[in-house]
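Q: One structure, as structure tokens, below. Some questions next.
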Amino acid sequence: MLQERYGRAIEEKWQKWWAENNTYGFDEKDEVRPIYSLDTPPPFTSGDLHMGHVLSYSYFDFVARYKRMQGFNVYYPQGWDTQGFPTEVRVEKKFGRLPPVQFREKCVEWTREFIARMKAQMNEMGFSPDWRYEYRTMDPEYHRKVQLSLLKMYDDKLVYRSKYPVYWCPKCVSAIAKAELDDEDKDGMMHHINFTGPDGGNLVIATTRPELMSACVAVLFHPDDERYRALDNKTIRTALGKDVPAIADKEVDKEFGTGLLMVCTFGDKMDVVWMHRYKLPMIDSIDQHGRMRNSGEFDGLKVEEAKKKVVEKLKAGGKLVKSVPLRQTVKVHDRCKTPVELIPSLQWFADIRTTAKRIKAFAEKIKWVPDFGISYLIDWVEGAEWDWVISRQRVFGTPLPFYYCEKCGATAGAGPGELPFYPEKAAGKACPCGAKMLPETSTCDVWVDSSITPLIISGWPDDEKRMARLYPASLRPQGVEIVRTWAFYTIYRSGVALTGIPPFHTILLNGNVLAPDGKKMSKSTGNIISPSDLLQDYPADAIRQWAAMSGAMAKDRPFSYEDIKYAKSFLAKVWNAARLVEKSSEGHEARGTKPESLGTIDRWINSRMSQVVEEYTRDMEAFEFHKAIRAMQNFFWHDFCDNYLEYVKHRIYGADAKAKHDAQHCLRHVLHDSIRLLAPITPHMAEELDHEVFGASESIHRSAWPAKGPVDIDAISALEKFNRVVAELRQYKARNKMAQNAELAKVRLSLPEPLSPELESELKLISKIKEVEQIKGDFGVSVL
RNA sequence: GGGCGGGUAGCUCAGUUGGUUAGAGCACUGCUUUGACAUAGCAGAGGUCGUAGGUUCGAGCCCUAUUCCGCCCACCA
């Protein structure tokens, strides 16, 4: 017997039941059912689920549940992306600085707590991973596999150690990748400074970074710039008295500043390009902590201090022409917002430049949903100029499994017996040059960890049989904003570098959730909506429906209270309809009912149901959840509740046994199919109704997807007309302030094609009319 | 500067391969406590589908141009 209202208590009951009954268990031994596997994103263990998680995890939960009902042996593991800077910051704040080993232990401890919290929130949302396959990137076993993957790439010459200018965060004291950069607008100063030309005259260059002048190795101008054309290949003396060549280069902007610029090896990315282009000397002038070096009297000063001192000195020496304010964009580290420097340093790299073409080719073999999603990756691949810096100078991360020689620079991989490799426990290695090699103490970029998830979940590299069954994954669902990181690195590492097979068949992209005002949710704006707050007011099934209604397009979408309220009302609608069906089912005996023995109205609702099954299935196959749920809502609310339920009430409460039985049969059939279609999106309510109304003992989530029944086109078109007549009569009663169940003495119907005698008598019973007169003509309904 | 997405009702959006009168929800207005549901029902009002051309018997949908918004990339000395 159904309770009066649907709510959280019912959801919690089923969540518990599902866990106890291993409802979502993947069957390793099943050789019959086809496998459908999901390479789900391991969320970063921040401690709380946000709306973006709820949206995207709902999507893949829809897919997993749908595929289970479609007869697939669904493999839905869930992992955690645990390591990285944010956790280090929080742990350091709480426990202070500790030696690396203890510090790492604290990070692990902390992360375990956060995982527990997030896992509980996922369960509250009714997500259905098979938790037996949970993985964490911080586990030694995970480390071992990451390290093995790197050793393989090292052997294949895809991973190497080199000194190269990298983006460097002075605050984190670590190299960072291009993908970790953010742009920030800052107010700066453009300084115009006198250099000395070949003829002894002044030449004014403009720069925002005068502190780098000691590293100035050339002065550049545009070849078409008449002001400077005569300088080509001449020598110019900087304001600090150093002689450098003047070079013409067409990438110089004539209009910017004075049209004359100084190249200081590592001022910005273009400086590095020019350095290589003109084989200029390399001078590194900033150290790892952001202090000056190789700059004479300014050595040891922080960049900002040095800038002031240099400007003062130039001013005193009469070299400073003027300083004008300038709004400039500065590259900052996305995590800590510190302006980054380009500094040459010894780091580990993964080859991207020579593999880019293959990465692109692999990406093209994957099905992208929506299809334009691939353009994000292609744009990125085509713009890739530098290899990927994979080393980070951090503690809570996967150690790089390498040795290097400080003396000669040689490198070597850790031995297979040393994995998982931890530098503090490393056995050591002798270098061919005679010196002792040191274990690498840097850790991996976190994308190195997460770019092998399709391998991790498939038993790589130990279980070849499992690998053959589970790799590549059927689906990779992920956010559109991490195409150029997670998708890109995974296709590269798991696909191109390690297996030669694209890591997944299909990639499904989702957008982000914005605040209701269309802006980004952020702590500073205070417009954050949290899933746990929503759960106070809305059942999980309503929140999940909101996610479905938000569509699967890779498009950002504002959160909508209207949608979620509607979702909640729809749950109430289905619930109440089910209560009516339950109540009307009293005395119902399930016996074979032939479709052709049913009346037109019954054949109509069954046909409409069939159409919805077809449409809904098609939409689920295409990951178009918003279309599926919309079709269901419209059908169930309007066709089934507003019309069909009202049409059969007189039969349910009447004495005609066959009419009553047929109505009961159809009510149950439609409800039964509907809750099956809804099960992936509203799993809790579907489960409750299946058990309470239909007496199921197994989970609906292990039952079969509804088959499409027959569609009677004639019944559908007859009912279109019929519904219109009923609507007219409802309107008449409404206009005349009559109750909808009030009796009408006589009604005249004017129709191009008359209602059949069967429908005419149904109409009399449904609209409570004593006498109906039909005439041929344009559509018209008049009450006499 | 390059790429992608989008401009449809007051708001948020849907509109399948071009095909009668362009839809939904919310919000708004009126009526109705009717044997599941007032978290409801019945109805009403609200749109020159960004703009301008073109293809077509026919365009919200296809083509061209143009404008505005959003995201990404590059540049920012």
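Q: Going through A:D517, A:D445 one at a time, which residue ends up being of a type in the set (D, E), touching a residue at least 12 places away in the same chain (Cβ under 8 Å) and either at positive phi or buried (at least 16 other Cβ atoms within 10 Å of the Cβ) (or both)?
A: A:D445
Here's the yes/no breakdown for (1) free of Cβ contacts under 8 Å to residues at least 60 places away in the same chain; (2) out of contact with any helix residue (DSSP H, G or I) (no Cβ under 6 Å at 6 or more places or on another chain):
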| site | (1), (2) |
| --- | --- |
| A:R603 | no, no |
| A:Q611 | no, yes |
| A:A622 | no, yes |
| A:I629 | no, no |
| A:H638 | yes, yes |
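Q: Then there is this: Quick check on A:F396: is it over 30 Å from A:R132 (Cβ atoms) and surrounded by 23 or more Cβ atoms within 10 Å (Cβ to Cβ)?
A: No.
Q: Let me ask something additional. Check off (1) open to solvent by 20 Å² or more (accessible area, probe 1.4 Å); (2) under 38 Å from the mean Cα position of the chain (by Cα); (3) of a type outside the set (D, E) for A:G592 and give me the number that stays unchecked.
A: The one condition A:G592 does not meet is (2).
Q: Name the residue that is nearest to RNA strand B (Cβ to nearest atom), counting only residues in region A:555-589 that are open to solvent by 80 Å² or more (accessible area, probe 1.4 Å) and assigned to a loop (DSSP other than H, G, I, E, B).
A: Filtering region A:555-589 for residues that are open to solvent by 80 Å² or more (accessible area, probe 1.4 Å) and assigned to a loop (DSSP other than H, G, I, E, B), the one nearest to RNA strand B (Cβ to nearest atom) comes out as A:K555.
Q: Quick one: would you say A:F625 is over 23 Å from A:N723 (Cα atoms), buried (at least 17 other Cβ atoms within 10 Å of the Cβ) and within 12 Å of RNA strand B (Cβ to nearest atom)? Break it down stepwise before answering.
A: Details: over 23 Å from A:N723 (Cα atoms): yes; buried (at least 17 other Cβ atoms within 10 Å of the Cβ): yes; within 12 Å of RNA strand B (Cβ to nearest atom): yes.
Considered against the rule, which asks whether it is over 23 Å from A:N723 (Cα atoms), buried (at least 17 other Cβ atoms within 10 Å of the Cβ) and within 12 Å of RNA strand B (Cβ to nearest atom), A:F625 comes out as yes.
Here's the yes/no breakdown for (1) open to solvent by less than 30 Å² (accessible area, probe 1.4 Å); (2) of a type in the set (S, T, Y):
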position	(1), (2)
A:K119	no, no
A:F127	yes, no
A:R136	no, no
A:K145	yes, no
A:L151	yes, no
A:Y167	yes, yes
A:V173	no, no
A:D182	no, no
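Q: Looking only at residues in region A:331-370 that are under 19 Å from A:T490 (Cβ atoms) and of a type in the set (D, E, K, R), which one is modelled with the lowest pLDDT?
A: A:R353
Q: Starting from residues that are among the small types (G, A, S) and open to solvent by less than 10 Å² (accessible area, probe 1.4 Å), keep the ones in region A:641-688 and report whichever is farthest from A:T617 (Cα to Cα).
A: Selected residue: A:A663.
Q: Further question: Considering only residues that are within 16 Å of RNA strand B (Cβ to nearest atom) and either in contact with an Asp or Glu (Cβ under 8 Å, 6 or more places away or on another chain) or closer than 20 Å to A:A468 by Cα (or both), which ones fall in region A:1-34? Steps first, answer last, please.
A: As a first pass, look at region A:1-34 and keep what is within 16 Å of RNA strand B (Cβ to nearest atom): A:1-11.
Residues satisfying the conditions are A:M1, A:L2, A:Y6, A:I10, A:E11.
Q: Need at least 3 residues that are at pLDDT 85 or above and open to solvent by less than 50 Å² (accessible area, probe 1.4 Å) per element, so show me which strands (runs of 3 or more DSSP E) inside region A:228-295 make the cut, counting only ones lying wholly within it.
A: So the answer is A:243-248, A:261-264.
Q: Which count do you get for residues in region A:479-519 that are within 18 Å of the chain's Cα centre (by Cα) and acidic (D, E)?
A: Residues flagged as within 18 Å of the chain's Cα centre (by Cα) and acidic (D, E) within region A:479-519 amount to 1.
Q: Restricting to region A:710-737, count the residues that are of a type in the set (A, V, I, L, M, F, W, C), near RNA strand B (Cβ under 9 Å from one of its atoms) and surrounded by fewer than 15 Cβ atoms within 10 Å (Cβ to Cβ).
A: Total meeting the criteria: 2.
Q: Moving on to the next point. So how many residues does region A:520-545 have that are open to solvent by 10 Å² or more (accessible area, probe 1.4 Å), charged (D, E, K, R) and within 18 Å of the chain's Cα centre (by Cα)?
A: 1
Q: Report, by residue number, each residue of region A:738-767 that is open to solvent by 80 Å² or more (accessible area, probe 1.4 Å), in contact (Cβ under 8 Å) with a residue 12 or more places away in the chain and either of a type in the set (A, V, I, L, M) or within 16 Å of RNA strand B (Cβ to nearest atom) (or both).
A: If the condition is that a residue be open to solvent by 80 Å² or more (accessible area, probe 1.4 Å), in contact (Cβ under 8 Å) with a residue 12 or more places away in the chain and either of a type in the set (A, V, I, L, M) or within 16 Å of RNA strand B (Cβ to nearest atom) (or both), then A:N741, A:E743, A:E753, A:L765 are the ones that fit.
For every residue, the table says whether it meets (1) within 11 Å of RNA strand B (Cβ to nearest atom); (2) in contact with a helix residue (DSSP H, G or I) (Cβ under 6 Å, 6 or more places away or on another chain); (3) in a loop (DSSP other than H, G, I, E, B).
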site	(1), (2), (3)
A:I501	no, no, yes
A:T506	no, no, no
A:K519	yes, no, yes
A:S522	no, no, yes
A:G526	no, no, yes
A:L534	no, yes, no
A:R544	no, yes, no
A:A548	no, yes, no
A:M553	yes, no, yes
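The values are calculated or read from the model by the stated rules, or taken from the named source; none is laboratory data. Owing to the predicted nature of the structure, the values given are computational and were not obtained by experimental measurement. Because the Cβ atoms are built from the backbone with ideal geometry, glycine has one as well, and the counts that use them run over all protein chains shown. These area figures cover heavy atoms from the full protein model, side chains too; ligands, DNA and RNA do not enter into them. Shrake-Rupley method; radii C 1.70, N 1.55, O 1.52, S 1.80 Å.
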